[in-house]
Amino acid sequence: MSKFQENIKHLIPKPKTPVLKPPMYRSIYTESVRRTYNSNNNCHKTMGYAEVELDPPSQFLKKHTRKEMRPFVEINKTKCCARKSIQRPCDGAAINTSKKLPTKTRKNIRQTNIIDVIKRVPPLPKHRVQDTRNGHIIVLNEAGLEPTYVSKKNYGKIPSYIVKMYKEKEMAQLMETERKLAVKPSLRYLPEAERSELLNGLKTNWAELHKEFLLLPMLTDTVPKMKRKTMLEKQLNNLEKDIDLLERNPSIYVCQDV
């Protein structure tokens, strides 16, 4: 039966199933919060008491409105000075009246300034240059136009730290050279059979490379051809040098691998 075919069962009204809602969430602190709210203990905690009348917006806080004028109290200075001047003897000792208090010396600032000006060394004249016809003058030393750097004692000399670095480098190279000379490599004599075998192998390699060199094209008009020819020529020259070395020296010593 297709789904588009009419069926009498669809004409019978179906009862609607009631939607069951989950129970509403209730906090365990609901009763304690309700009791605290009803007790009205903290009703004026943040906003103040409800019966206090607030000032209108026109009466905002102005400058010097909170300044309190304290009453003037006159202090009797004579009594304070008299109290300080009283000296009490210690354990029945007599008061030493012969000892005088040190008197304050008054400094003559005017005389001191005159002496400083007389002893002062006059400043050296500055090197000035007038660069415009209107009288504009510049000081060469202050403007950075005076060659003061070349007048220094260490001008043109190598800094001491660079000299020290070069000496340390030379000493390290010398110690490395002495260490290499002290450790002599172990040599062994190359037998005649091994020498002839090595010479024959070099000649065989030279013949193969020479044959490959002769098969190269006459015209080397591309970069790969030129590189190939240059590489073969270099290998042939190296083989010829090795063959000549073995043929001229019958006695050969080689370094053993450590």
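A simple rule links phi to the HN-Hα coupling: the Karplus curve 6.51 cos²θ - 1.76 cosθ + 1.60 with θ = phi - 60°, which for the stretch 12-28 gives 7, x, 8, x, 7, 7, x, 8, 8, 8, x, x, 5, 6, 10, 6, 6 Hz, with x for Gly and Pro. Between residue 111 and residue 171, the modelled labels are 6.3 nm apart [label points 7 Å from Cα along Cα→Cβ]. With the largest listed first and rounded to whole Å, the semi-axes of the equivalent ellipsoid of the stretch 188-255 from the Cα gyration tensor are 32, 11, 8.
Show the residues, 5+ positions off or on another chain, whose built amide H is closer than 5 Å to the amide H of residue 252. The list, which skips near neighbours in sequence, is 190.
Could you calculate the contour length gain from residue 39 to residue 146, that is, 0.36 nm times the residue separation minus the distance between their Cα atoms, to one decimal place in nm?
29.7 nm
Across the stretch 105-117, computed HN-Hα scalar couplings (Karplus, 6.51 cos²θ - 1.76 cosθ + 1.60, θ = phi - 60°) run 8, 8, 7, 8, 5, 5, 5, 5, 5, 5, 5, 5, 5 Hz from first to last residue, x flagging Gly and Pro. Were the residues from residue 213 through residue 157 laid out at 0.36 nm apart, the gain over their Cα-Cα distance would be 14.3 nm. The eigenvalues of the Cα gyration tensor, multiplied by 5 and square-rooted, give the stretch 109-163 an equivalent ellipsoid with semi-axes of 34, 26, 7 Å from largest to smallest. In this structure residue 11 has an accessible area near 120 Å², from a 1.4 Å probe over the protein heavy atoms. Residues in the stretch 184-209, backbone N under 15 Å from the label point at residue 236 (7 Å along the Cα-to-beta-carbon vector): list them, ranges by number please. Correct set: 203-209.
Residue separation times 0.36 nm, minus the C-alpha to C-alpha distance between residue 226 and residue 136: what's the value?
Fully extending the segment from residue 226 to residue 136 adds 25.2 nm.
Charge tally for residue 248 (other residues, Cβ to Cβ under 14 Å; Lys, Arg +1; Asp, Glu -1): -2. Only protein heavy atoms count here; under a 1.4 Å probe, residue 64 has an accessible surface of about 130 Å².
The values are calculated or read from the model by the stated rules, or taken from the named source; none is laboratory data. Note that this is a predicted model, so its numbers are computed, not measured. Note that each Cβ is placed from the backbone with ideal geometry, even for glycine, and that neighbours are counted across all protein chains shown. These area figures cover heavy atoms from the full protein model, side chains too; ligands, DNA and RNA do not enter into them. Shrake-Rupley method; radii C 1.70, N 1.55, O 1.52, S 1.80 Å.
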